[in-house]
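A short reminder: the numbers here are calculations on the coordinates, not readings from a lab. Only a predicted model underlies this, so the values are computations on that prediction, with no experimental measurement involved. Methodologically, a virtual Cβ is constructed for each residue, glycine included, from the backbone with ideal geometry; neighbour enumeration extends over all protein chains shown.
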Amino acid sequence: MKTEELKKLFPGKVLDLPYPKPYPEIIEIPEQIKAIVLGCDPSNFSNTDGTTKELETVFAITGKNKDGRYFSIVLRNLKQVGLALSDIYVQNLCRNYFTAVTKDNAVWQEAANRWVESLKKELDDLKIPLKVPVFLTSDELYKALLKDKKEFRSARTIYNNPQLIPVNEENNLLGRPLIPLYRHIDYRIEKWEDYKNRIKEILPFI
């Protein structure tokens, strides 16, 4: 979706900044991708004056304004289940910047709904196999991608009941296995041994 279209749909809620690039920008061998990592959007207010820092790549993984803070917990979680940066494809569901962070953004779920088809097409066009799981870094993503919103479960419920993962392809809008792997400090995977082991158990078979 283009920024101008989004600004018309959500007046005063969208910043006119270029979208960060996915990581990696080019996938040479799609079959080597072991997981997709999904963020909400690039919105941040990290400059010293409280304005938005423009990121060259999602989560500021590389390029201009590279900043390890954004992806450190995600990367730490991935390492706990045997994955490295070279194993993954990273993208945001909403590629645009908003005027508020996700949790404070009243239009985020509606905007996310409009981005789902774009992301689905992107992943399909990249020829990343459909069995490759999508790790969700926020419960807002989990809520946005469920077909039946009544099936939404709190983070604590999911992490305490590892049998709930993955969310099967037929039950979500991306048509790929979904695995919550939240970025919040309370859900660092080393604190949740059974959940970590469940992910390690199912990864080779998805």
Set of aspartates and glutamates near Lys34 by C-alpha distance (under 19 Å), chain-local residues within fewer than 8 positions excluded:
Glu25, Asp87, Glu122, Asp124, Asp125, Glu169, Glu201
Inter-centroid distance (Cα atoms) of the range 15-54 relative to the range 88-154, Å:
13
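If R0 is 22 Å, what FRET efficiency do you get for Leu85 and Ile185 from their C-beta distance, rounded to 0.05? List each step's numbers first, then the result.
Details: r = 20 Å, r/R0 = 0.92.
Rounded to the nearest 0.05, the efficiency is 0.60.
List the GluC sites (Glu not before Pro) within the range 18-85 that fall in a DSSP loop (any state other than H, G, I, E or B) and whose Cβ has at most 13 other Cβ atoms within 10 Å.
Within the range 18-85, the qualifying GluC sites (Glu not before Pro) (loop, at most 13 other Cβ atoms within 10 Å) are Glu25, Glu28.
Between rounded, prolate and oblate, where does the range 67-161 land on the alpha carbon gyration tensor, with a ≥ b ≥ c its root eigenvalues, rounded for a/c under 1.5, else prolate if a/b exceeds b/c? Spell out each step's value before the answer.
Working: a/c = 1.28, a/b = 1.16, b/c = 1.10.
Taking the square roots of the gyration eigenvalues as a ≥ b ≥ c, the range 67-161 is rounded.
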Which entry is the computed semi-axes √(5λ) of the Cα gyration tensor in Å for this structure: [x] 26, 19, 18; [y] 35, 18, 15; [z] 39, 26, 13?
[x]
Calculated FRET value between Glu170 and Glu110, using beta carbons and R₀ = 22 Å, to 0.05
0.35
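Going by the alpha-carbon gyration tensor, a ≥ b ≥ c the square roots of its eigenvalues, is the range 21-133 rounded (a/c under 1.5) or, if a/c is not under 1.5, prolate (a/b greater than b/c) versus oblate?
Oblate, since a/c reaches 1.5 and b/c is not below a/b.
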The pairs in Lys121/Lys149; Lys127/Lys191; Lys64/Lys150; Lys64/Lys200 lying past 32 Å Cα-Cα in this model are Lys127/Lys191; Lys64/Lys150; Lys64/Lys200
To test your reading of the geometry: what angle, between 0 and 90 degrees and rounded to tens, separates the Cα axis of helix 193-202 from the longest principal axis of the chain?
80
Between Phe45 and Thr3, 0.36 nm times their residue separation minus their Cα-Cα distance comes to what?
13.2 nm
With +1 assigned to the C-beta of every Lys and Arg and -1 to the C-beta of every Asp and Glu, and no other charges, what is the dipole magnitude of the chain about the Cα centre in debye, to the nearest 20?
340
